[in-house]
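Take a look at the structure below.
The values are calculated or read from the model by the stated rules, or taken from the named source; none is laboratory data. Computed from a predicted model, the values in this text were never measured in an experiment. Virtual Cβ from ideal backbone geometry, glycine too; neighbours counted across all protein chains shown. Accessible surface is based on the protein model in full, side chains and every heavy atom, while ligands, DNA and RNA are left aside. Shrake-Rupley method; radii C 1.70, N 1.55, O 1.52, S 1.80 Å.
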Amino acid sequence: MSVTIPAETVEYAPGRFLDVHRSPAGAAGPRPVLLLWHGKAPDSRFELAPLAREAAGHGLLVLTPDWRSDAEDSGRADLLASLEYTHRHAADHGGDPALGLVLAGWSMSGREAIAVATQRDLPEDRRPTAAVGIASSYARPAVTTGEAPLAALADRPSPVPLFLVHGTGDDLVPADTTRALDTALLTPATEFLQPDTDHAGVVLTEYDPALGHCVAARAPHAVEAGRATAALLARAAGLPVGA
């Protein structure tokens, strides 16, 4: 991984914040963009900082917004506002969605990322170029679209490449939930990564029961798995990163 600069925090909607992760500026110019949504715990963007830094080191501009699943709309407004901010302001941070805009989510928001990117009526100028579902389940309706990706994508092909990640040792959201989506897809997933790790390891973290949230991974297998996820995110954006 390349060295990254400290995250910058900006307001993407009134009172709502996201972190901007990037590698040092250089001759490479604008970068493809990754919008990375955290899981169900409200306002927990900090949990994805290890993965965001790793992905930024591959040459991505990475935006990680807070959102609230406990809001009256279950987080719909936050998620969609962060996507609109990304389209409008990625260039302000050194990104260029025209080079690639990957929408990715972990746990609950993996379903949201897949649903938003593949919905029928999304204007093409607002559609991500790829979507990544990380350790999620897809049978329930997404709060953003009202559709369950498992059913919707069994009836129509995905309009964008889909990438899937799920740890084989995940005992919180079993990997079979992602395998079911992979089997149902009319358009096969471009890549389906199944590392030997748990729910937290796929995002380069481990759960700390004393703190009640995820922290940066220390166990070698989790570090390896999280780095593999970061590399997949870069490949989803079209960057030449080895598997």
*Report the label-to-label distance for ARG179 and ALA154 in nanometres (one decimal), using points 7 Å from each Cα along the Cα→Cβ vector.*
1.7 nm
*Give, in nm to one decimal, the length gained when the segment between ALA41 and GLU11 is fully stretched (0.36 nm per residue of separation minus the Cα-Cα distance).*
8.9 nm
*To the nearest 10 square angstrom, how much accessible area does TYR85 have with a 1.4 angstrom probe?*
30 Å²
*asked:* Tell me which DSSP H helices of the chain clear both cut-offs, 27 Å or more of axial length from alpha-carbon atoms and a mean Kyte-Doolittle hydropathy of at least -1.0.
replied: none
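With each run of n ≥ 4 DSSP H residues scored as -39500 (n - 2.57), what mean residue ellipticity at 222 nm is computed for the chain after dividing by its residue count and rounding to the nearest 500 deg cm²/dmol? Don't skip to the end; give the middle numbers.
Values: 6 runs with 66 residues, N = 243.
The helix-only estimate for the chain comes to -8000 deg cm²/dmol at 222 nm.
Assuming R0 = 25 Å, can you tell me the calculated FRET efficiency for the pair ALA98 and LEU122, based on Cβ-Cβ distance, to the nearest 0.05?
Details: r = 17 Å, r/R0 = 0.68.
Step by step, r from the Cβ atoms, then E = 0.90.
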_Restricting region 193-243 to trypsin sites (Lys or Arg not before Pro) in coil, as DSSP defines it, with at most 13 other Cβ within 10 Å_ = ARG218
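Per residue, how big is the convex hull of the chain when only Cα atoms are used? Give it in Å³.
115 Å³
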*What relative contact order, as a whole-number percentage, does the chain give when Cα pairs under 8 Å and 6 or more residues apart are counted?*
18 percent
*Mind checking region 23-98 for trypsin sites (Lys or Arg not before Pro) that DSSP puts in a loop (not H, G, I, E or B) and that have at most 16 other Cβ atoms within 10 Å?*
LYS40
*asked:* Keeping all protein chains in the complex and leaving out DNA, RNA and ligands, what accessible area do you get for ASP196 with a 1.4 Å probe, in Å² to the nearest 10?
replied: 120 Å²
*Rounded to two decimals, what is Rg over Rh for region 99-162 when you use alpha-carbon atoms and the Kirkwood radius?*
0.92
*If region 163-231 were replaced by its equivalent ellipsoid, with semi-axes equal to the square roots of 5 times the Cα gyration tensor eigenvalues, what would those be, largest first, whole Å?*
24, 13, 8
*Once every Cα of region 1-123 carries one equal point scatterer and solvent is ignored, give the base-10 log of I(q)/I(0) from the Debye formula at q = 0.10, 0.14, 0.15, 0.17 Å⁻¹, two decimals.*
-0.27, -0.54, -0.62, -0.80
